[in-house]
Structures are given as C-alpha cells and as structure tokens.
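Chemist: Here you go, one structure.
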Amino acid sequence: MSEKRRTREEIFQRMRETSRDEVILEEMIRHGFWPREGRLAEDPADEIRRKGEIERELQQLRAQNRSLQNEAALLREMRKRRFAESRKKRQETKERREKQRQERAEAWQQKKAEEITFLGTGVSVGLSNKKSNEELLKKYNLPVYRSPEEIAAAMAVTISTLRFLAFSRKTSTVSHYIRFKIPKKTGGQRLISAPMPRLKEAQTWILATILEKIPVHQAAHGFRAGHSIVTNAEPHLGKEVILNVDLKDFFPSVSYRRVKGLFSSFGYSEAVATLFALLCTEPDIEKVELDGKTYYVTQTRRHLPQGAPTSPAITNLLCRNLDYKLYCFAEKLGFTYTRYADDLTFSASNEAVKKVGYILKKLEEIVKKEGFEVNQEKTRILRYSRQQEVTGVIVNEKLNVSRKVLRNFRATLYQIEKDGLEGKRWGQAQDLVAALQGFANYVYMVNPEQGSLLRTRVQAIIEKTKWKAAARPVKPSKMEEVATLQTESAVEEVEIEQKKQDKDYDSSKKWWKLW
C-alpha cells in the first residue's frame with residue numbers, strides 16, 4: 001500500500017505496454033493480495049511476467065515485420081516508378097533520334113537535290129574543289145562553270161538527272177548505251193556504243209558549248225566543220241610515196257583521267273572536269289542475267305566510247321600536241337602530214353622519199369610518248385606506181401573513188417534499171433535506194449564529174465520506183481522531260497522505259513555517220 005495509486009489512464013497505458021494480466025498482477029501485489037516473487041511454489045506471477053515479455057517481443061517482431069513489409073512495398077514502388085521513368089526516357093530518346101534521323105534524311109535529300117557530292121568510288125575526290133581558272137576560260141572563250149550545279153542549270157536538267165547520267169557504278173541495272181557491232185572494212189568487227197537519247201543530249205551540249213570552241217591543229221581533218229576525207233586527201237595528191245599509219249585502239253586508249261585532264265586544262269574546276277569526263281566516258285561492260293533481272297557489270301576502266309558525239313572532238317583536242325610534233329617533224333623532212341581520226345598520213349616526193357624508214361622509226365617514238373600506239377599490221381607504204389589511197393580516196397593523179405568499187409556500183413545500177421529493185425543489194429544497207437543515193441553523193445563529193453552522172457541515174461531510179469525516204473519520228477526533247485523529274489529513281493524508271501523504245505538503231509550504218 002506504500003506505492004502511489006495509479007490513475008485510470010496510467011493503468012490503460014500500462015496494459016498497452018505490457019498486458020492485462022500483468023497489470024492485474026501488479027495491482028494485486030500493490031494492494032497486498034498477492035505475494036512478490038519467489039514466495040509461492042509454482043508462482044503464476046513468473047508465468048504472467050514471462051508471457052508479458054513474450055507478448056512484447058511479439059509486438060516488436062510484428063512492428064519490425066510491418067516495417068519490412070513497408071520497405072519492400074516502397075522498394076517495389078520505387079522500382080516501378082524508376083522503370084516507368086526509364087521507359088518514358090527511352091521512348092523520348094527513340095522519338096528524338098527518329099526525328100533527328102528524319103531531319104538528316106530530309107537534309108540529305110535536300111542536299112542531293114541542290115548539289116552533287118558523290119559520283120562513285122574512285123572518281124569523287126575532287127568534287128569539293130569548285131575553283132575554276134576564269135582567266136584561262138575567257139582566253140578560250142568558254143563559259144564559266146564552277147560546279148556541277150551550275151552545269152545542271154545550264155543544261156536545264158535536275159541535279160538528280162545529272163547525277164544519274166554521270167554516276168560511276170561497278171554494277172548497275174541500267175545502261176546508258178546501246179552496244180552493237182558492225183563489220184570492219186579490213187575484217188573483224190567494230191564495237192559501237194551509241195548513247196541513249198538523254199545522255200546523247202548532254203554530250204551534244206558539251207560538244208557545242210565547250211569542245212567545238214577550242215581550235216585544233218590544222219593537220220586534223222576528221223569531224224571538223226568544213227573538213228572531210230576529201231580535204232584530208234587533197235594535200236597528198238600526186239605524191240611519189242604515201243605512208244598510211246593507223247593508231248591502235250584509238251578511242252579505248254583515251255582514259256577517263258586523260259579526258260578529265262583535258263577539261264581541267266581549259267580552266268575548269270576539278271568538280272566540273274570530273275563531271276564532264278564521266279559524261280563523256282564509259283567502261284566496257286558485261287551483260288549478266290540473274291534471277292530474271294539484267295545487270296551490267298564493269299569489266300574495264302572508263303574510256304572514250306566509239307559512238308558518242310563528244311569522242312571525236314575530244315581526241316582531236318588531245319592530239320593537238322601529237323599533231324604539232326608530227327607536223328613539224330614531217331615538214332622538217334620534206335613530208336606532208338594530215339590526220340583523220342586514227343588514220344595518220346604522210347606523203348613526199350623527190351629526195352624526201354628516201355627518209356620513209358626514218359619517219360616510221362621516229363613516228364613510233366612520238367606516238368608512244370603521246371599515249372598512243374601504232375598498229376603495225378595496218379601500216380602501208382604506197383608508191384606512185386600503184387593505186388594510192390588516203391582515207392578511202394584515190395590520190396594518184398586526181399581525187400577519185402576506187403575503180404573496182406565504181407564498176408560494181410555501175411553494174412548494180414544497170415541491173416536495177418533493167419530488172420527493178422527486187423533481189424538487189426548494195427553493201428549491207430537494208431534500204432537499197434537510200435544506200436545508192438548515199439554512195440552517189442559520196443562519189444560526187446570526191447569527184448563531182450563522175451558523181452553527177454551517178455546521182456542522175458539514181459534519181460531516175462527513184463522517180464521510176466516512186467521511192468520515198470522513210471520519215472523518222474520526231475521525238476520530244478528529252479531534256480525537257482527529265483527537267484520535271486525530282487528523284488533519281490524516277491529518272492531510272494523513265495530511262496529503262498526509254499531503253500525499250502530506242503531499239504531502232506541501224507547497225508548497218510557506218511561508224512563515222514553515227515555522230
């Protein structure tokens with residue numbers, strides 16, 4: 001009874017801290033109804049106290065368990081939140097990268113539509129160099145172009161079209177040329193690479209805008225305005241000895257690098273020279289069929305194609321130094337020198353005739369230094385005592401056509417006049433009358449007196465048979481068509497379709513008439 005009496009609140013607080021039984025026991029001990037510890041055998045107070053301790057331990061364990069459960073839940077919640085944030089961040093990163101990719105793609109497409117930065121492996125190094133020598137261009141009276149973009153504008157085509165025409169691929173599904181072979185006069189076959197109309201227009205533009213404005217050496221007679229096989233033969237008329245020399249693989253021996261160097265020598269930037277050289281050259285290709293699709297596989301380095309309108313003019317310009325050296329060399333020895341494409345002709349009379357052997361020896365050295373090769377099999381020395389011929393024209397006493405050929409032609413005309421056109425042929429031409437008319441005009445160009453009579457007879461045949469020249473269809477400008485195309489793929493589709501339509505090349509045409 002000595003302890004202070006507890007209030008009701010204190011008793012309930014004690015119950016919460018311990019247990020109801022412990023509180024009752026403590027109160028009974030305080031009031032003297034129950035002895036303290038160790039006074040009774042099998043004292044229930046110890047059991048009650050032990051039970052209270054266990055209850056308190058259980059409460060602590062429960063509290064710890066609740067705390068642990070809360071931590072696990074918090075951890076799960078935290079992980080869930082972090083995962084959601086990470087997923088959101090990944091999505092944002094993905095969207096940002098996709099947007100950047102689209103922006104880069106759009107920027108690249110825009111750049112491709114505005115400029116040319118790549119034209120194939122091994123040929124694109126100088127496309128960033130757009131500095132032209134304007135003073136040198138003005139000296140040659142050439143238009144100033146610094147970049148492929150300016151050329152596209154001048155040609156009135158899109159950048160995509162120009163890239164498509166000039167692009168150099170190892171393997172392609174499209175060919176810019178139709179290739180066929182024609183028989184050579186001396187035997188064998190000559191490969192002709194005729195450009196497709198769209199590329200041909202680009203090459204014709206280069207020819208008219210640039211190449212024809214550069215003067216060539218006076219000894220060159222091939223593919224020049226006001227010059228022909230007749231002007232090439234006239235200087236050799238009546239000479240005691242004629243020396244005919246042929247250059248081996250004339251067009252294929254002119255590489256892409258030499259053509260590029262030629263345009264650079266005019267003053268054009270490396271970017272412009274690269275583009276022009278690619279437009280004017282092509283490699284030998286092999287046509288391969290795979291899985292029902294046609295591929296064109298590059299076999300050689302790029303070179304001048306025999307059949308492009310630019311090839312003769314380019315060779316004339318590249319041969320300026322060769323012509324100058326041979327002209328001076330021949331003049332020094334008393335010889336006359338002219339060149340028609342790959343045919344070199346020297347002629348002389350009197351004492352100079354003795355120097356033919358020296359001419360041949362020195363000629364080969366000069367030709368080799370200029371990047372060409374003499375075709376030994378076609379070298380001919382023609383004396384005055386036999387029929388002398390220069391580029392197909394007889395030059396012994398006067399300009400004339402071979403007597404044998406003229407006899408055959410007159411015999412053909414006689415048979416036609418007698419029996420009609422049926423079953424008759426002249427050469428390999430499919431249109432007989434057109435071939436007759438063409439040969440008569442050729443004879444008239446060489447020998448007007450003989451040619452006039454032959455033309456009269458051919459005209460009589462035309463009137464008698466009521467023959468009319470086949471009209472060729474007039475095609476719209478390919479440049480105007482391509483100017484509307486905005487993507488390279490669209491150009492390819494049109495190119496493929498046009499390739500199917502342009503199969504009307506006449507393989508019987510003489511190779512020098514294809515330009």
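The values are calculated or read from the model by the stated rules, or taken from the named source; none is laboratory data. Note that this is a predicted model, so its numbers are computed, not measured. Reconstructed Cβ throughout: ideal geometry from the backbone, glycine too, with neighbour counts over all protein chains shown. Accessible surface is based on the protein model in full, side chains and every heavy atom, while ligands, DNA and RNA are left aside. Shrake-Rupley method; radii C 1.70, N 1.55, O 1.52, S 1.80 Å.
Chemist: Pairs under 8 Å by beta carbon, first residue part of a loop (DSSP other than H, G, I, E, B) in the range 364-378, partner surrounded by fewer than 15 Cβ atoms within 10 Å (Cβ to Cβ), six or more apart or different chains?
Modeler: Close Cβ pairs satisfying both conditions: GLU370/ASN321; GLU373/ASP249.
Chemist: Could you give every pair whose Cβ atoms fall below 7 Å, whose first residue belongs to the range 451-464 and is over 10 Å from ASN441 (Cα atoms), and whose second residue is surrounded by fewer than 16 Cβ atoms within 10 Å (Cβ to Cβ) and not β-branched (Val, Ile, Thr), counting only separations of at least 6 or pairs across chains?
Modeler: These pairs meet every condition: ILE461/GLU417.
Chemist: Out of the residues in the range 223-246 meeting the condition of being closer than 20 Å to PHE335 by Cα and either out of contact with any Leu (no Cβ under 8 Å at 6 or more places or on another chain) or without any contact (Cβ under 8 Å) to a residue 24 or more places away in the chain (or both), tell me which one is surrounded by the fewest Cβ atoms within 10 Å (Cβ to Cβ).
Modeler: By that ranking, first place goes to GLY238.
Chemist: Sticking with this structure for a sec: Which of the residues belonging to the range 338-364 are under 37 Å from the mean Cα position of the chain (by Cα) and charged (D, E, K, R)?
Modeler: ARG339, ASP342, ASP343, GLU364
Chemist: Please work out if ILE381 is open to solvent by 10 Å² or more (accessible area, probe 1.4 Å) and either assigned to a loop (DSSP other than H, G, I, E, B) or β-branched (Val, Ile, Thr) (or both).
Modeler: Judged against the criteria, ILE381 is a match.
Chemist: Which residue out of LEU243, LEU165 is at pLDDT 90 or above and in a helix (DSSP H, G or I)?
Modeler: None of the others qualify; the one that does is LEU165.
Chemist: If a residue has to be open to solvent by 60 Å² or more (accessible area, probe 1.4 Å) and outside any helix (DSSP H, G or I) to count, how many in the range 90-136 make the cut?
Modeler: 7
Chemist: Now for a separate question. Would you mention how many residues in the range 150-168 are surrounded by fewer than 16 Cβ atoms within 10 Å (Cβ to Cβ) and either free of Cβ contacts under 8 Å to residues at least 40 places away in the same chain or within 17 Å of the chain's Cα centre (by Cα) (or both)?
Modeler: Counting residues in the range 150-168 that are surrounded by fewer than 16 Cβ atoms within 10 Å (Cβ to Cβ) and either free of Cβ contacts under 8 Å to residues at least 40 places away in the same chain or within 17 Å of the chain's Cα centre (by Cα) (or both) gives 1.
Chemist: Shifting gears a bit: Just for the range 169-188: of the residues that are hydroxyl-bearing (Ser, Thr, Tyr) and either without any contact (Cβ under 8 Å) to a residue 24 or more places away in the chain or not in a loop (DSSP other than H, G, I, E, B) (or both), which one is nearest to THR121 (Cα to Cα)?
Modeler: Per the criteria, the residue is THR171.
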